[in-house]
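The values are calculated or read from the model by the stated rules, or taken from the named source; none is laboratory data. Bear in mind the structure is a predicted one, so any value in this text is a computation, not a measurement. Cβ placement follows ideal geometry from the backbone for every residue including glycine, while neighbour counts extend to all protein chains displayed. Side chains included, ligands, DNA and RNA excluded: accessible areas come from the protein's heavy atoms. Shrake-Rupley method; radii C 1.70, N 1.55, O 1.52, S 1.80 Å.
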Amino acid sequence: MADVIQLLPDSIANQIAAGEVIQRPASVVKELMENAIDAGSTSVKLMIKDAGKTLIQVVDNGCGMSVTDARLSFERHATSKIRSAKDLFSIRTMGFRGEALASIASVAQVELKTKRQIDELGTRIMIAGSEIKSQEPCEGTSGTSISVKNLFFNIPARRNFLKSDNVEVKHITDEFQRVAMAHPDVFFSFHHNDNELFHLPPGNFRQRVAAVLGTNSNKKLVPVQEDTDVVKLKGFVGKPEFAKKTRGDQWFFVNNRFIKSSFLHQAVTSAFENLLPKDTHPLYVIFIEIDPSRIDINVHPTKQEIKFEDDKLVHNYLRVAIRHALGQHSITPSLDFDQETSFTAGSPRQYPGNIDRSTNFTSSTLADKISLESKSDRSRHDSNLANWEKLYEGLKQVDEEETATTSLFPSESIDLPAITIESEWTSPRTNEEKSNVHYVQSAPFQIHSTYIVSQIKSGFILIDQQNAHERILYEQFLKILNQQEPSTQQQLFPKTIILSVGDFELLKSILPEINLLGFDLQEFGKNTFVVNGLPSILVDKVDETQLIEALLEQYKQNLELRLDAKENISTAMAKSAAIKRGQTLTIEEMKSLIDQLFACELPFKSPSGKNCFITYGLDELAKRFDS
Ligand code: ADP
Ligand code: MG
């Protein structure tokens, strides 16, 4: 019998390969953009028409190709990136198989223009369905431009299989964002049908991530950074309050290539445990650097999957690093704010090294932290972090004991210690539950009519009643101003107050805002106002005159701090209306103050930056009595 085996013609072999590598326009975008980066470009421009179905073009300013290389680049297994089988395992990047251009050219009409810096003329090659149509010298700047037209023009079944434009653009956007995030020092732009969707000037890592994620994302980011012997981690996680119901803002990169990993995802979600409202997903962008010999990449270029040799270790490092970052964020809101304001003010010089700066306060090593997790033997001067971690530990125990505990506080204001306190107070959500409640263990008590002592699972906290109440009122007033929904308690006997000329004018100028807070003030002749009502959130027993005088005084002082008007008024109001040190409180008042404090977005500091409470851990106390 005659031999029956035949070698497939190249064009068919290429099409078969293309079936794996090129599934949709987005796959072309990925391959072309990665090639542009590999060529050392500092500028990469992506243009597509009709969701990439008509045209995908990538223009770079990289190294370009010689005449011979330009021709060879379309051959299967043609690559400048792998020289031996050993390279397959040692390269830091993934998916080099020298197949992309050959595959693309087998299923589309491709025009390549490329020129090296040292060459006078460049090369222009037209190829369609693996067939070279023309090759000629051409003029142009150095770099490479590849246009891929009418993808799958010769495979109608595949072409018909493409999804709607919206879906295909979404896939392309995903690929574009992945490459752009991994290369903040490179300029990228992305046009669809002449609309510019992205314009990303080179910048630092945080700027790039924020720019890729879109408007307002910068304020949502908490930096994560850890260097260990095994892995280097850097990136950002979203603050818990910004978690979304939909997935999509989850990004892992290993050695600068995007990957998907349910295993790593699990590590992140475990770090967010108890911090997120149900069915929401945290935002994260995490870059992992690891010795390539410690990972097993499934070399299939589209799968983006990975296995780690030390998977437990990587898992643990990631979880602890993120938890630590979240703790830092909660404990040091002012630091966070510094970074963010200077960044959003659009002045990079004010914003040195973002990520680096944040690591300055990541003083201990990761190994320390891991051991701390189990032993919790942090010395006192490391108070903030240690406190937080202890609170958190308390929380974990409680959770194990009473998994049924549900959230007391509105989900958007959940913060770490809030949850701890909550589990302590086991407060009810319904009236029925309410009648069954007894506050676990002891009720809070006051010392020196100034501080409130409250027991928590892991020890106790000492609250400064004035600072705490300022924080509570500040957030409440700010909310009222922002939502413009004041609630007024009308006065039975309206009172008049007489002010100095200056104060009278000042109050007149801020009267609309003041009344928005829930005041009902009216001008009443010369230097006089009549107080018809007060904000209902104020404790009773306030003296209107004192309150308003103190408010104006504070407002004037705050002017120097150049707060915006709303912040100024809220701060001033909070300061003038807060419970003062020296004021005796009932148990009910203390309980309500504690509940409200931990329902705050930032319970740690008063609006002027003073501590609202200090935490004392049991083990810390035990140690002090032991020595
Ligand atoms: P691979 O990237 O796996 O090597 P490709 O088929 O994507 O395979 O590209 C083949 C070769 O063509 C590359 O190895 C590179 O030498 C060259 N090449 C492709 N795109 C560019 C570009 N934008 N600039 C310079 N050289 C390129
Ligand atoms: Mg390539």
Exercise. Please give the helices (runs of 4 or more DSSP H) falling wholly within the stretch 110-213 in which 3 or more residues are open to solvent by 60 Å² or more (accessible area, probe 1.4 Å).
Key: 156-161, 165-182
Practice problem: For residues that are over 21 Å from Val169 (Cβ atoms) and more than 16 Å from ligand 2 (Cβ to nearest atom), scanning just the stretch 37-53, find the one that is surrounded by the fewest Cβ atoms within 10 Å (Cβ to Cβ). | Solution: Thr42
Quiz item: How many residues does the stretch 203-239 hold that are over 27 Å from Thr42 (Cα atoms) and more than 10 Å from the chain's Cα centre (by Cα)?
Solution: 6
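Conditions (1) within 13 Å of ligand 1 (Cβ to nearest atom); (2) aliphatic (A, V, I, L, M); (3) modelled with pLDDT of 95 or more, marked per residue:
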residue	(1), (2), (3)
Val107	no, yes, no
Lys113	yes, no, yes
Gly122	yes, no, yes
Ile146	yes, yes, yes
Exercise. Give the residue, chosen from Val222, Val320, that is farther than 30 Å from Val21 by Cα, at pLDDT 85 or above and outside any strand (DSSP E or B).
Key: Val320
Practice problem: Would you confirm whether any residue within the stretch 54-64 is more than 18 Å from Asn150 (Cα to Cα), over 32 Å from the mean Cα position of the chain (by Cα) and either open to solvent by less than 40 Å² (accessible area, probe 1.4 Å) or not assigned by TED's automatic domain parsing to the domain that holds Val110 (or both)? | Solution: yes
Quiz item: Going through the stretch 577-607 one residue at a time, which ones are farther than 16 Å from Ile463 by Cα and surrounded by fewer than 21 Cβ atoms within 10 Å (Cβ to Cβ)?
Solution: Glu601
Exercise. Within the stretch 511-521, identify whether any single residue is exposed (fewer than 14 other Cβ atoms within 10 Å of the Cβ), among the polar types (S, T, N, Q) and free of Cβ contacts under 8 Å to residues at least 60 places away in the same chain, and answer yes or no.
Key: no
Practice problem: Would you check which residues across the stretch 246-259 are open to solvent by 50 Å² or more (accessible area, probe 1.4 Å) and either within 15 Å of Leu318 (Cα to Cα) or under 17 Å from the mean Cα position of the chain (by Cα) (or both) and list them? | Solution: Thr246, Arg247
Quiz item: Of all the strands (runs of 3 or more DSSP E) wholly in the stretch 445-520, which have at least 1 residues that are more than 24 Å from Ser592 (Cα to Cα)?
Solution: 488-498
